1. Just M18, M54, M91 to compare: in a GNM of the chain, with alpha carbon springs under 10 Å, which one fluctuates most?
2. At 7 Å along the Cα-to-beta-carbon direction for both S16 and D119, put a label point, then send me their distance in nm to one decimal.
3. Would you tally the net charge around P2, using a Cβ to Cβ cut-off of less than 13 Å, leaving P2 out, and scoring K and R as +1, D and E as -1?
4. Between A117 and residues 5 or more places away or on another chain, which pairs have amide H atoms under 5 Å apart, with H built 1.01 Å from N, and which residues are they?
5. Between L105 and E46, what length comes free when the chain is fully extended (0.36 nm per residue of separation minus the Cα-Cα distance, one decimal in nm)?
6. Write down the accessible area per residue of the chain in Å², having rolled a 1.4 Å probe over the full set of protein chains.
7. Using the alpha-carbon centroid of each, what span in Å lies between region 57-120 and region 10-34?
8. With P(r) over Cα pairs in 10 Å bins from 0, in percent in mind, check (1) 13, 47, 32, 8, 1; (2) 15, 51, 31, 3; (3) 12, 31, 29, 17, 9, 3, 1 and report the label derived from this structure.
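The values are calculated or read from the model by the stated rules, or taken from the named source; none is laboratory data. None of the values given here were measured: they were computed from a predicted structure. As a convention, Cβ positions derive from the backbone with ideal geometry for all residues, glycine included, and neighbour counts pool all protein chains shown. The area values use the complete protein model at the heavy-atom level, side chains included, leaving out ligands, DNA and RNA. Shrake-Rupley method; radii C 1.70, N 1.55, O 1.52, S 1.80 Å.
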Amino acid sequence: MPTNVLGSDLQCCCTSPMTGFYRDGYCRTGPGDYGLHTVCAVMTEEFLKFSKAMGNDLSTPRPDMAFQGLQPGDKWCLCVERWKEAYDAGMAPPVVLESTHTSALEFVSREELAQHAIDA
């Protein structure tokens, strides 16, 4: 079992909507995951607007890709570099540390994540 940023077993981020690079609910990564979908984030209206403005529209449904679009309150395995970009801009969404993969620490510090931590 992969570990989270706290050093314990990685917990499921969300299954409704189904998230994760492997669409199994977990923010784990592996070959082919060039975006590193490792941060379990809770979507906010502010972040969704920020992400759309930066070229990654997560709120518009894409039926051709079986993507229903995200709403505020949805949990989603976010690309760690997108989360860091939002953090640096003061727009970072809350994160669930128990469900955030340890490899996220290669790009962001535990302290940065902890500043936005919420319980699972």
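1. Fluctuation is largest for M54.
2. Taking the two extended label points, one gets 2.1 nm.
3. On the way: positive: R28; negative: D9, D24, D33, E98.
Computed value for this residue: -3.
4. So A117 has HN proximity to V95.
5. Going from the current span to full extension adds 18.8 nm.
6. Heavy-atom SASA per residue in the chain reads 51 Å².
7. The two parts, judged by their Cα centres, are 12 Å apart.
8. Comparing each candidate, only (2) matches the computed number.
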